[in-house]
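First comes the structure, then the notes that go with it.
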Amino acid sequence: MRAKCFPYLVLLPTLVFLLAFTYFPLLRSAIDSLYDTRLNADAPLFVGMDNFVRLVQDAVFWQALRNNVLYILLTVVPGVILALLLAVLLCENTHVNRWLRTAFFFPMIIPLVSAATLWLFIFMPGLGLLDYYLAKVFGPMNNNYLGMSDSALVAVSIIGIWKFAGYYMLFFLAGLQAISASSREAALMEGASRRQVFFYVTLPLLRPTIAFVVTIAFIYAITQIDHVAVMTRGGPNNATTVLLYYIQNLANDTHDLGKASAATFLTLAMLFVFSMLNLKVLEKGAHYER
């Protein structure tokens, strides 16, 4: 009896935290989305699906959704590709490579707010490092990268790539080291080039790792918005307003908790659906015998 109960006792603290900080907030956001707190926060009015109707009728919500899709494309795709490239280049366990791995991982240690403050100096018009070095090639520069709608989201996305690429690199390094060397050696003996070995042997065997990295990269692209609050505050003209920042403004600035809860519930639902589809598609046919 004790042996049967022991695994459940070990899992109990994790289950308690999951219920308290994951499933209960999700349930609470679903319930709050059915009430309107604007007239009286102490006695909210039950409005059913009206908050969702108001949400889909809000042009700023759709702009935030579009911005988030663009931000995902600008950070997840280049970030994952860069991380994979770094992992391949630094796969050999040499002294120099160990130092380089540490250097590329270092941005992950820096809090996102501090990273945003650092990049503010880089993007500063005229005086920043970016304009300083561009001026050496193209002449005097005074570009307000964070103040222009065309470049603000790209500038914010660069920070996401810089911060998380080294973190994703560690997962790819672990995945590469888990692949048996005999698979690649056999392909080389059969006359395959190193490029063919990478695309037809190594990359297919990395599909479970790619699925995991893409999933967490997608989640980070949705949830990590501290640099948006520090650098642009969603501007200019909502050009960098992403979903989580939009929800934060609804809750804190307008105190429209019902609409904010509806947006939260929809965002979590999209995250869940994407994660399931991504893992299902990328892990398909990725299991092999060692």
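The values are calculated or read from the model by the stated rules, or taken from the named source; none is laboratory data. Just so it is clear, the model here is predicted, and its values are computed rather than measured. Reconstructed Cβ throughout: ideal geometry from the backbone, glycine too, with neighbour counts over all protein chains shown. Ligands, DNA and RNA are excluded from the accessible area calculation, which covers all protein heavy atoms including side chains. Shrake-Rupley method; radii C 1.70, N 1.55, O 1.52, S 1.80 Å.
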How many residues does segment 1-42 hold that are without any contact (Cβ under 8 Å) to a residue 40 or more places away in the chain and outside any helix (DSSP H, G or I)? 4
Here the qualifying pairs (Cβ atoms under 6 Å; residues six or more apart or on different chains; first in segment 195-211 and within 15 Å of Ile81 (Cβ to Cβ); second open to solvent by 40 Å² or more (accessible area, probe 1.4 Å) and at pLDDT 85 or above) come out as Thr209/Phe171
Filter result for the condition that a residue is surrounded by fewer than 18 Cβ atoms within 10 Å (Cβ to Cβ), in contact (Cβ under 8 Å) with a residue 12 or more places away in the chain and outside any loop (DSSP other than H, G, I, E, B), over Ala221, Ala229, Ala262: Ala229
Can you tell me which residues in segment 114-150 are part of a helix (DSSP H, G or I), hydroxyl-bearing (Ser, Thr, Tyr) and farther than 13 Å from Val230 by Cα? Tyr132, Tyr133, Ser149
Does Leu170 satisfy the condition of being free of Cβ contacts under 8 Å to residues at least 12 places away in the same chain, in a helix (DSSP H, G or I) and either of a type outside the set (Ser, Thr, Tyr) or under 17 Å from Leu86 (Cβ atoms) (or both)? no
Determine whether segment 126-149 contains at least one residue that is in contact (Cβ under 8 Å) with a residue 40 or more places away in the chain and open to solvent by 80 Å² or more (accessible area, probe 1.4 Å). yes
Just to check your reading of the model, which residue among Val60, Val16 is of a type outside the set (Phe, Trp, Tyr) and either surrounded by 11 or more Cβ atoms within 10 Å (Cβ to Cβ) or within 30 Å of Val154 (Cβ to Cβ) (or both)? Val60
Going through segment 72-99 in order, the residues found to be farther than 26 Å from Thr240 by Cα, part of a helix (DSSP H, G or I) and open to solvent by less than 70 Å² (accessible area, probe 1.4 Å) are Leu84, Leu86, Ala87, Val88, Asn97
Please work out if Asp32 is touching a helix residue (DSSP H, G or I) at 6+ places or on another chain (Cβ under 7 Å) and at pLDDT 85 or above. yes
